[in-house]
Protein chains: 2
Amino acid sequence: MGELDAVLKEKGVKLTEQRRRLLEKALLQHKHFSAEELYETLRQKRAGISRATVYRTLKLLAAHDVLDVHDFDRGYHLYESRLGRHHHDHLVCLKCGRITEFENPDIESEQEKVARHYHFKIVSHSHKIYGLCHRCRVGN
Amino acid sequence: MGELDAVLKEKGVKLTEQRRRLLEKALLQHKHFSAEELYETLRQKRAGISRATVYRTLKLLAAHDVLDVHDFDRGYHLYESRLGRHHHDHLVCLKCGRITEFENPDIESEQEKVARHYHFKIVSHSHKIYGLCHRCRVGN
DNA sequence: CTCACTTTGAGACTGAGTCTCACTTTCATA
DNA sequence: TATGAAAGTGAGACTCAGTCTCAAAGTGAG
Ligand SMILES: [Zn+2]
Ligand SMILES: [Zn+2]
Ligand SMILES: [Zn+2]
Ligand SMILES: [Zn+2]
């Protein structure tokens, strides 16, 4: 966590006690998680962090590129740590909800071509493919 | 509108008076619109359609592929008619909100490769590139 | 007609996320 | 160590897009 501490300090983000406790849990989650899930986990561990702080901190971390935020049409956001990970996009199963990650350099570079064509400066992008995953296809 | 009538009938969707009035307005919008915007327009024209019916009908039309629904991180959805249009994806300006459409066959076919690789059956996809549009870059 | 089925509207309700504001913590400077 | 401005926090009120309820109205086959 010392590394993270440094990363955040560099960005001018104070690592308060609440934020440290939140990060400890958030970074352990090896998959996508929601604000409410995280809040509930922290509440049960008596971590002493309010719902407001959970939402505020997740937003802050996302703004500083420590977390990615995803909207998979569930009515709430899912978060995912970016630390030590490559950019990737997602396949979302409409039946079981399973999320599969993929990386495709050709798509990434085509995007840049598109942006160049429109004189558009890319800041981020979101590419989601919805459908049926391997397991869910079988029954169809 | 006779064509649309046929399209809907075929899908088992009754074209009631309210739905017809909603479609009349929705299909005239040549750009992306929100449910509230549409409701407000209809209300001002005294079209006699409730908010509940607007939301219900938009959902119904989206389910039958008459409309596309987009989430551009505004906290509400935008809709767009699919009738007589090609599939396209979007560039979204973070500063002025402008939405630009693009079509890129290479990205589309790479997506299919990705899906094939994961034995995933694509139903739909959403590809959004966020950043600064041509006009907004100038000031930066 | 008639009866079952569908659609509609007014307004209550939901739920993720934000805001307020009094209180606490942090930290630079004295 | 003292001090005060600035930043962070918690409880709970609030927002607001979207959904639900249920009584009333429309539709349509027989
Ligand atoms: Zn990507
Ligand atoms: Zn991911
Ligand atoms: Zn596409
Ligand atoms: Zn579009």
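Rule-based calculations on the coordinates, nothing more; no lab input. All values derive from a computational prediction rather than experimental measurement. Heads up, the Cβs are rebuilt from the backbone with ideal geometry, glycines too, and the neighbour counts pull from every protein chain shown.
Data table
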read-out	value
Two-decimal Rg to Rh for the stretch A:2-81 - Kirkwood Rh, Cα set	0.94
Hz values of 3J(HN,Hα) by residue in the stretch B:17-23 - Karplus curve (6.51, -1.76, 1.60), Gly and Pro given as x	4, 4, 5, 4, 5, 5, 4
Derived scalar couplings ³J(HN,Hα) [the stretch B:131-138; Karplus, 6.51 cos²θ - 1.76 cosθ + 1.60; whole Hz; x for Gly, Pro]	x, 10, 6, 2, 5, 6, 5, 3
Proximal lysine pairs, chain A, alpha carbons under 24 Å, eight or more residues apart or interchain	20
Built amide H within the under 5 Å cut-off of B:His90, gap 5+	B:Phe102, B:His127, B:Ile129
Estimated [θ] at 222 nm from DSSP helical runs (n ≥ 4, -39500 (n - 2.57)) normalised by residues in the protein assembly as shown, nearest 500	-13000 deg cm²/dmol
Computed label-point distance, nm, for sites A:Asp65 and B:Asp71 using a 7 Å Cα→Cβ extension	2.4
Size of charge dipole - chain B - debye, nearest 20, with Cβ of Lys, Arg +1 and Asp, Glu -1, no other charges	600
In sequence order, calculated HN-Hα J values of the stretch A:78-89 (Karplus, 6.51, -1.76, 1.60; Hz; x Gly/Pro)	10, 10, 7, 5, 9, 4, x, 10, 7, 4, 8, 10
Sequence-distant residues sharing a close amide H with A:Leu67 (under 5 Å, placed H)	A:Ala62, A:Arg82
Residues whose placed amide H lies under 5 Å from that of B:Lys95, excluding near-sequence neighbours	B:Cys133
Charge context of A:Arg43, other residues only, Cβ under 15 angstrom, K/R +1, D/E -1	+1
